[in-house]
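Below: one structure, written as structure tokens.
Values quoted throughout were computed directly from the atomic coordinates according to the rules given, and no laboratory measurement underlies them. These numbers were taken from a predicted model, which means no experiment stands behind them. Cβ coordinates were reconstructed from backbone atoms using ideal geometry, including for glycine residues, and neighbour counts include every protein chain displayed.
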Amino acid sequence: MTHSLNTFGLEWTPELDEFLSKNLHTFSAVEIIPENFLEGRFSNFLDLLRETQIPVSVHGVSLSIGSADTLKTAHLREVLKLIQGLNVHSYSEHLSMTEIGGIQFDALTPLAWTKSQLDLVCDRISEIQGYLSTPFLIENVANRFVIPRADFKEVDFINSVIRRTGCGLLLDVTNVFTNSLNFKFNPETWLDSVDLSAVRAIHLAGGFTDTDGFLMDSHDNRISDEVWGLYSKVMARSTGVMTIIERTGNLPDYAELIGELDQAAVISGARNIQTRPGSPVEANL
Amino acid sequence: MSIDAFQKSLATLVRFPELSFDSVLAGLEPGSLTDQERYSLSLLSRDPLVRKFGNKMQFLRQREAQSVMRLSLEHLPQELLNILYLEHFEPSRLSSDPLWVGVEFLNFLINYPVCRDLLIDSPPYVIDLIKYDHAKAYATRHVPVESDSALPENSLLNYGKFVIVSLGSDVPTYDRAKWNGDVGVKHPLPKDLTMLFLPSHNSPFYRTFQIDEEVASFLATQRENPSAWNRALPSHYAGMVKIGLCKETVD
Ligand SMILES: [Fe+2]
């Protein structure tokens, strides 16, 4: 039942480098944004990942998979070279765009949920999959606005991408909750509609409410009770999922971060956050 | 492809939140959008969330750009900076790497005629402060990567990336006074000097040297020809060895 084991970890940030380097054995998974490691930066941590063979979620942020630009193959090749020798669980990118025709948005920008956009992003994903020997996942984003006159609802657009490309889903539960508050829909209905069988990884994070009442996915706060509630509903129907907590600002005590991962493990019915696929502990389960 | 035009128009709306829908359309070939896309864009151009997103991104870019203006910021009125940044710098620079936006903005202030015209009423030391801030930011963003750590820090081979600045005021002394919290020193005093800024492995990740014109012109010539860095240095540049710039190599 190796495939059914859930794993738990944190997203690496420069601020967490020392903590994660010293305590990697505490976790059963870790996530890296490969762009942080280009040009030889933080190579010691990559060496440690190679040595320990901990399962790694490679979470890219530069391919802008929704934009009509050509695929940045040089960048993709560079990342693939960088992650050689790692125990790569999956390669993911956001279902959004960050630049188009040399104009940068400077943040994840939502896609139009239209037929032409669906064709475009599916072609792009298929092209990326041609370079990969590991699963490719798309992540649902926190929408800063929604593009009107769509052909699909967001969740149907995501399901269509999954069906047409065979890619997996990095389900950001916090983003679902955030969008549900900002754009007034029921997050449970959204989760009932999404293809949960495609979920390979989950993101959890905390955000803050802006002065205009808009909830921001800022990764700098505790995970809210509502998000925990949605997470437990997803985990009741999912197995073999890597759960990653994203904490990029306002770092708390490490004990608090570990506590949140422990909570995720308890909800998922896992023995602890350390057990890795193939480990002796797992064999006894 | 029409989705290409749609995405570029959306990007323009986000990058320039004050732009009207008609101005965005004016930049497109006729017929490049479907009716659906055109209608969608017209709604987006009036969507307060799109404007908020665009303004927020612009605010963050400008804040990032000004974050490297350690010494010069307090000598420039924010109103003037807003004009220089929002009206002149942003429209010329659609692609932005957050790591470099500050260096590029300072470079823009130093080199573009429109900035020189707008800065003409500022005291003469202001441009020196901008040059100094630029050199420091440039050097610290070229911190040698870990794979270079085997190279001796004093080796010039390490430093294809460096900045030479000619100043008409004593900015280093002013910098030290600011660092020491000496509030009596209001601005740098006039003094001609040429400085070299090098990236460094160690905090604060740059090193500075006062150099003479001969060394400055030697380094400037070498930079034009990167392969020359592998050659032995001429002996009459032994002065550079003295200031710890390089290891002397023997032909
Ligand atoms: Fe996420």
Provide the packing ranking of B:185-196, A:55-66, i.e. peptides ordered by the mean count of other C-beta atoms within 10 Å per residue, highest first.
A:55-66, B:185-196
Cα-only radius of gyration and Dmax that characterise the stretch B:89-144, units Å
12.2, 39
Calculate the FRET efficiency for residue A:226 and residue B:191 from the Cβ-Cβ distance with a Förster distance of 56 Å, rounded to the nearest 0.05.
0.35
Restricting to DSSP H runs of at least four residues, report the calculated mean residue ellipticity at 222 nm for chain A, -39500 (n - 2.57) per run over all residues, nearest 500 deg cm²/dmol.
-10500 deg cm²/dmol
Here the alpha-carbon Rg of the stretch A:67-207 over 2.2 N^0.38 Å rounds to 1.04
About its Cα centre, what dipole magnitude does chain A give when the only charges are +1 on Lys and Arg Cβ and -1 on Asp and Glu Cβ, stated in debye to the nearest 20?
820
By the mean-Cβ-within-10 Å protection proxy, highest first, B:176-182, B:107-113, B:40-46 rank as B:40-46, B:107-113, B:176-182
Spatially proximal lysines relative to residue B:186 (Cα-Cα < 25 Å; intrachain offsets below 8 disregarded):
B:131, B:136, B:178
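Using 0.36 nm per residue, how much length does the chain from residue A:184 to residue A:129 gain when fully extended, once their Cα-Cα distance is taken away?
16.4 nm
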Select from B:120, A:97, A:238 the residue farthest towards the positive end of the dipole of the protein assembly as shown; place +1 on Cβ of Lys and Arg, -1 on Cβ of Asp and Glu, and compute about the Cα centre.
A:238
Which percent of the Cα-Cα distances in the stretch A:1-131 go past 16 Å?
66
Rounded to a whole number, the mean other protein chain Cβ count within 10 angstrom for residues of A:159-172 is 0
Test item: A:146-152 mean partner chain Cβ contacts at 10 Å:
5
Using a 10 Å cut-off around each Cβ of peptide B:8-19, what is the average number of partner chain Cβ atoms that fall inside?
4
More than 33 Å apart: what percent of Cα pairs in the protein assembly as shown qualify?
51
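Within the set of other residues whose C-beta is less than 14 Å from the C-beta of residue A:145, count the net charge using Lys and Arg as +1 and Asp and Glu as -1.
+2
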Quick check on chain A: what are the equivalent-ellipsoid semi-axes from the Cα gyration tensor, as sqrt(5λ), descending, whole Å?
27, 23, 19
Based on the Cα atoms of the stretch A:128-285, what semi-axes does the equivalent ellipsoid have, where each is the square root of 5 times one gyration tensor eigenvalue, given in whole Å with the largest first?
26, 22, 14
